[in-house]
Amino acid sequence: MTPHIESNKEDIAKTVIMPGDPLRAKMIAEKYLTDYKLVNSVRNQLAYTGYYKGKRVTVFSSGMGNPSMGIYSYELFNFYDVEEIIRVGSCGAFDKDLDLYEIVLVDNSYSKSNYLEELTDEVNNILSSNNDLNRQILDTANKLKIDVNYANVYCTDVFYNHVDIDYLRENYNCIATEMETFALFSNAMKLNKKASAILTVSDNLITHEETTSEERQNSFNKMIELALESIK
Ligand code: HPA
């Protein structure tokens, strides 16, 4: 038990899939896992542990934003001996040709967040995802014939921000934006664990096309299958 997680240690798997939305965690468990059980409902931050094709996995919702992702991923890595976390979430595209529902595998996360500095005293604004996990994900995508954009994202603390998209594209090669990878990758770096992130484009900041929240909740199957098939 931690201040935010009521699970017993043995009820959390070494591999965790992390959607932002608690209801998406429930949907993933119900649709894809066998022999699953609810292992956390503190603050409705739903988590389930079960099996995907014989592989034991926990699906744990992170909530929105770096602070929330920061708390849950830290506690999972540090107190539950979780070895790897794959975030599955949504992002807003910075490129008019990056269509709704396309998949982005995060290479680096660029952020102005001070999460890493408060965690470690180190100052760094660009953090990498894990190469081993990315290799597994890219190999699996290849096998399943799923197109993946392997690229950098901008991780913001402010959804209603005013970003200079051209600046982020030109200087940091960011093709999309989201709000959780920087805390996740910071925790993985500090605690010597593995973390990666697979995202689906839910809106395009150039063309202003967007999905509805209902479509968002139900249309991420391809990304979730990619995550679940990638784990060992
Ligand atoms: N901004 C930040 N995070 C997001 C967005 C966005 O436009 N879309 C999905 N996650």
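Each value in this text was obtained by applying a stated rule to the coordinates, not by laboratory testing. Remember, predicted model here, so these are calculated numbers, not experimental data. As a convention, Cβ positions derive from the backbone with ideal geometry for all residues, glycine included, and neighbour counts pool all protein chains shown.
Length gain on complete extension for the stretch Asn8 to Tyr51, per 0.36 nm per residue less the alpha carbon to alpha carbon distance? If you can, show how the numbers build up before the last one.
Values: separation 43, 0.36 × 43 = 15.48 nm, distance 1.74 nm.
Length gained between Asn8 and Tyr51: 13.7 nm.
When the chain is treated as a GNM with alpha-carbon contacts under 10 Å, the residue of Asn142, Asn173, Asn130 showing the greatest mean-square fluctuation is Asn142.
Using square roots of five times the C-alpha gyration tensor eigenvalues, list the equivalent-ellipsoid semi-axes of the chain in whole Å, biggest first. Walk me through the intermediate numbers first.
On the way: eigenvalues 131, 85, 52 Å².
They are 26, 21, 16 Å, listed from largest to smallest.
In units of the rule-of-thumb radius 2.2 N^0.38 Å, segment 17-78 shows an alpha carbon radius of gyration of 1.05.
Looking only at the chain, where both bridge partners belong to it, what percent of the DSSP beta bridges are antiparallel (to the nearest 5)?
Working: 19 of 47 bridges.
Roughly 40 percent of the DSSP beta bridges within the chain come out antiparallel.
Rg and Dmax, both from the Cα atoms of segment 126-232 and both in Å, are 14.7, 40.
I need the Kirkwood Rh of segment 49-106: take the reciprocal of the average 1/r across all distinct C-alpha pairs and report it in angstrom.
On the way: mean 1/r = 0.0727 Å⁻¹.
By the Kirkwood definition, the hydrodynamic radius is 13.8 Å.
Using a Gaussian network model of the chain in which every pair of alpha carbons under 10 angstrom is joined by a spring, one finds that among Asn134, Asn187, Asn114 the greatest mean-square fluctuation is at Asn114.
Stokes-Einstein diffusion for segment 65-171, with the hydrodynamic radius set to the Kirkwood value over Cα pairs and evaluated at 20 °C in a medium of 1.002 mPa s, equals 136 µm²/s. Rounded to whole numbers, the Karplus 3J(HN,Hα) couplings from phi for segment 87-93 are 6, 10, x, 10, 8, x, 7 Hz, using 6.51 cos²θ - 1.76 cosθ + 1.60 with θ = phi - 60°, and x at Gly and Pro. Of the residues Tyr150, Tyr115, Tyr160, the one that moves most in a GNM of the chain with alpha-carbon contacts below 10 Å is Tyr160.
I need the calculated FRET efficiency for the pair Leu23 and Asp166, taking r as the beta carbon distance and R₀ as 41 Å, to the nearest 0.05.
Details: r = 35 Å, r/R0 = 0.86.
Taking R0 as 41 Å, the efficiency between Leu23 and Asp166 is 0.70.
Separation of the alpha carbons by more than 18 angstrom is noted, of Lys14/Lys222; Lys55/Lys190; Lys145/Lys194; Lys194/Lys222; Lys143/Lys222, for Lys14/Lys222; Lys55/Lys190; Lys145/Lys194; Lys194/Lys222.
Take the Cα radius of gyration of segment 176-232 and divide it by 2.2 N^0.38 Å, with N its residue count; two decimals is plenty. Walk me through the numbers on the way to the answer.
Working: Rg = 14.0 Å, N = 57, 2.2 N^0.38 = 10.2 Å.
Compared with the compact-globule rule of thumb, segment 176-232 sits at 1.37.
Suppose only helical runs count, i.e. DSSP H with n ≥ 4. What mean residue ellipticity at 222 nm does that imply for the chain under -39500 (n - 2.57) per run, divided by all residues and rounded to the nearest 500 deg cm²/dmol? Write down the numbers at each step before the final one.
Working: 8 runs with 80 residues, N = 232.
Theoretical 222 nm ellipticity from helices: -10000 deg cm²/dmol.
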